[in-house]
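Inspection log for the structure reproduced underneath, given as structure tokens.
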Amino acid sequence: MNKLYEKYIKTESLPTLFCPGCGNGIIQYAAIEAFERLGIREDIACVSGIGCSSWIPCYYKLDVMHTMHGRAIAFAEGLKLAQPNKKIVVFTGDGDCVAIGGNHLLHAAARNIDLTVIMVNNYIYGMTGGQKSPTTPKEARTKTSPFGCIDEPIDSCRLVTSLGASHVARWTTAHPIQLEKAIAEGISHKGFSFIEVLSQCPVQAGKNVYGEKEPSKIMDGYKKGTYVYKGEKEQLAGSSLPDLKDGKIPIGLLHYDPEASEYLERVEAKLKAEGVR
Amino acid sequence: MSQITIDKACCKGCNICLNACPKKIFVKSKKRNNYGTAMPDVKDPETCVGCRMCERLCPDGAIDVEA
């Protein structure tokens, strides 16, 4: 077993419940590497909702809260207000975050509260048997859209940027080193940081959504179907998000605004102004 | 020369490592892991460059590379 993996994972609960080739394991390891690099093991608290991706933190030897479906961000906000010194990492899926917990995502992004949200986007509801999720691409055939999906997929990075999230990045499971750096950056950043990870579900989505069944081929497809957006870090603040280029999805640091005011700072300033503190 | 070990108890046989290694050190074999699927074998470990991509891309933390 990997040495770093052994240090952070509850070995007594192995093997994990993820299917062979699932992208969740890669994200799990990338997050471990980020925690190890920052050296803040005692300060980390993980929150997750319901879904395959929400099982990621449950194997960590850290403070973990496994909460209701879609409400992970709501619980995390409460935890942050109660314990402002903790670094809170939320692991959530595309259905958990954008569909059921969409409302909580909107308000957390609008408040710009100091959370790190890692959204694992596999374009499907994997745990419940392969139903259409809000991010499922058009014309994809799933269990609940047998003639091809007709809805426009939601671009969650664009959504949170429009509301005022101050650190927005997107990577895929085929880019583990960059993903680890993005997670470490998101944890260090003061404000709402949103990291979307394009992941694979070879069992439920497989051929119908990605056009490939083999996990390694899906990851190759991600490498071919994306381009790295290279914007200067200083200029990213006010700019709009990059668009698709020849049908390729932009990945990288998409939006960064270190000047945006954080929710807890605003609360403290208000309390001081009113003479409560 | 690095020491590459694959844990039989962790591996689920997804074959991501076969494609992840730039030197193609991992090859298909008939060995079975505890999950019941075929696990990869290590061929020519002396050609390993120590990029640790296999460690990062293994979803189950089964691969350990010691430089």
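With +1 on the Cβ of every Lys and Arg and -1 on the Cβ of every Asp and Glu, and nothing else charged, how large is the dipole of region B:3-66 about its Cα centre, in debye rounded to the nearest 20?
So the dipole magnitude of region B:3-66 works out to roughly 320 debye.
Enter the angle in degrees (range 0 to 90, nearest 10) between the Cα long axis of helix A:102-111 and the first principal axis of the Cα atoms of chain A, meaning the one along which they spread out most.
40
Taking a ≥ b ≥ c as the square roots of the eigenvalues of the Cα gyration tensor of region A:1-114, is the shape rounded (a/c under 1.5), prolate (a/b larger than b/c) or oblate?
Oblate, since a/c reaches 1.5 and b/c is not below a/b.
Just to confirm the number: angle between the C-alpha axis of helix A:72-82 and the first principal axis of chain A, 0 to 90 degrees, nearest 10?
Helix A:72-82 sits at roughly 20 degrees to that axis.
What total accessible area, in Å², is buried where chains B and A meet, using a 1.4 Å probe and rounding to the nearest 100?
Its buried surface, counting both partners, is about 1900 Å².
Of A:Leu38, A:Leu163, A:Leu62, which has the largest mean-square fluctuation in a 10 Å C-alpha GNM of chain A?
Result: A:Leu38 has the largest fluctuation of those listed.
Mean residue ellipticity at 222 nm from the helices of chain B, using -39,500 (n - 2.57) per DSSP H segment of n ≥ 4 over the full residue count, to the nearest 500 deg cm²/dmol?
Helix-only estimate at 222 nm: -3000 deg cm²/dmol.
Among the DSSP beta bridges whose two residues both lie in the protein assembly as shown, what percent are antiparallel, rounded to the nearest 5?
Here the share of antiparallel DSSP bridges comes out near 35 percent.
For region A:77-121 and region A:125-178, what is the separation of their Cα centres, given in Å?
Region A:77-121 and region A:125-178 have Cα centres spaced 17 Å from each other.
Taking the Cα centre of each part, how many Å lie between region B:35-57 and region A:1-62?
Taking the Cα centre of region A:1-62 as reference, the centre of region B:35-57 is 21 Å away.
Picking from A:Asn121, A:Asn85, A:Asn24, which is most flexible by a Gaussian network model of chain A using Cα springs under 10 Å?
Answer for the Gaussian network model of chain A: A:Asn85.
How much FRET efficiency would the formula 1/(1 + (r/R0)^6) give for A:Thr144 and B:Asp44, where r is the Cβ-Cβ distance and R0 is 51 Å, rounded to 0.05?
Taking R0 as 51 Å, the efficiency between A:Thr144 and B:Asp44 is 0.60.
Of all the Cα-Cα pairs you can form in the protein assembly as shown, what percent are over 38 Å apart?
The share of Cα pairs beyond 38 Å in the protein assembly as shown comes to 15 percent.
Return the carbon/sulfur percentage of the accessible area of chain A, one whole number, probe 1.4 Å, all protein chains in place.
53
With each label point set 7 Å from Cα along the Cα-Cβ vector, what nm distance links B:Asn34 and A:Lys270?
If labels sit at B:Asn34 and A:Lys270, their model points lie 5.2 nm apart.
I need the phi-derived Karplus couplings for region A:57-64: 6.51 cos²θ - 1.76 cosθ + 1.60, θ = phi - 60°, integer Hz, Gly and Pro marked x.
With coefficients 6.51, -1.76 and 1.60, one gets x, 5, 8, 7, 8, 9, 6, 10 Hz.
Provide A:Thr144, B:Thr37, A:Thr161 ordered by accessible surface of protein heavy atoms (probe 1.4 Å), highest first.
In descending accessible area the options line up as A:Thr144, B:Thr37, A:Thr161.
Can you pull the percent of chain B's accessible area that's carbon plus sulfur, 1.4 Å probe, other chains left in place?
Ligands and nucleic acids excluded, carbon and sulfur give 50 percent.
Heads up, I need the accessible area for A:Asp257: 1.4 angstrom probe, whole protein in place, Å², nearest 10.
40
How far is helix A:176-188 tilted, in degrees, relative to the longest principal axis of the Cα atoms in chain A, given as a value from 0 to 90 rounded to the nearest 10?
Result, in degrees: 20.
Please list A:His104, A:His189 in order of solvent-accessible area, largest first, computed with a 1.4 Å probe with all protein chains present.
Order by accessible area, largest first: A:His104, A:His189.
Counting Lys and Arg as +1 and Asp and Glu as -1, each charge on the Cβ, what is the dipole of region A:3-273 about the Cα centre in debye, to the nearest 20?
Taking the Cα centre of region A:3-273 as origin, the dipole is about 340 debye.
Using protein chains only (no ligands, no nucleic acids) and a 1.4 Å probe, work out which residues of region B:25-67 have their accessible area cut by at least 30 Å² relative to the chain alone.
The answer is B:Tyr35, B:Met53, B:Glu55, B:Arg56, B:Leu57, B:Pro59, B:Asp60, B:Gly61, B:Asp64 - residues whose exposure falls by at least 30 Å² when every protein chain is included.
Which length gain, in nm to one decimal place, applies between A:Glu152 and A:Lys223 when the Cα-Cα distance is subtracted from 0.36 nm times their residue separation?
Length gained between A:Glu152 and A:Lys223: 23.2 nm.
Using a/c under 1.5 as the rounded threshold, could you call region B:1-56 rounded, prolate or oblate? The axes a ≥ b ≥ c are square roots of the C-alpha gyration tensor eigenvalues, and prolate needs a/b larger than b/c, oblate otherwise.
prolate
Say each of A:His66 and A:Lys7 gets a label point 7 Å from the Cα, pointing the same way as Cα to Cβ; how far apart are those two points in nm?
2.5
With labels modelled as points extended 7 Å from the Cα through the Cβ direction, what inter-label distance (nm, one decimal) is found for B:Ala67 paired with B:Lys23?
1.3
Can you tell me the dipole magnitude for region A:4-143 around its Cα centre, using point charges on the Cβ only (Lys, Arg +1; Asp, Glu -1), in Debye to the nearest 20?
280
Test of understanding: given chain A, find the longest segment containing no GluC sites (Glu not before Pro) that are in a DSSP loop and have at most 13 other Cβ atoms within 10 Å.
That gives A:1-138 as the longest site-free run.
Which of rounded, prolate, oblate describes region A:37-96, given a ≥ b ≥ c as roots of the alpha-carbon gyration tensor eigenvalues and a/c under 1.5 marking rounded, otherwise prolate only if a/b is larger than b/c?
oblate
If we count every other residue with Cβ under 11 angstrom of A:Leu179's Cβ, Lys/Arg +1 and Asp/Glu -1, where does the sum land?
Neighbour charge sum, excluding A:Leu179 itself: -1.
Net charge around A:Ile154, counting only other residues with Cβ within less than 15 Å of its Cβ (Lys, Arg = +1; Asp, Glu = -1)?
-2
Would you please give the residues with an amide H less than 5 Å from that of A:Gly23, counting only those at least 5 places away or on a separate chain, with H modeled from the backbone geometry?
Counting only residues 5 or more places away or on other chains, the set is A:Gln200.
Using a Förster distance of 22 angstrom, determine the FRET efficiency expected from the C-beta separation of A:Lys248 and B:Cys51, and round it to 0.05.
0.30
With point charges of +1 on the Cβ of Lys and Arg and -1 on the Cβ of Asp and Glu, referenced to the Cα centre of the protein assembly as shown, which listed residue (A:Val47, A:His167, A:Cys201) lies farthest in the positive direction of the dipole?
A:Cys201
The values are calculated or read from the model by the stated rules, or taken from the named source; none is laboratory data. Given the structure is predicted, the values throughout are model-derived calculations rather than measurements. All Cβ positions, even for glycine, are placed from backbone atoms using ideal geometry, and neighbour counts span all protein chains on display. Quick note on the areas: whole protein, heavy atoms, side chains included, nothing else; ligands and nucleic acids left out. Shrake-Rupley method; radii C 1.70, N 1.55, O 1.52, S 1.80 Å.
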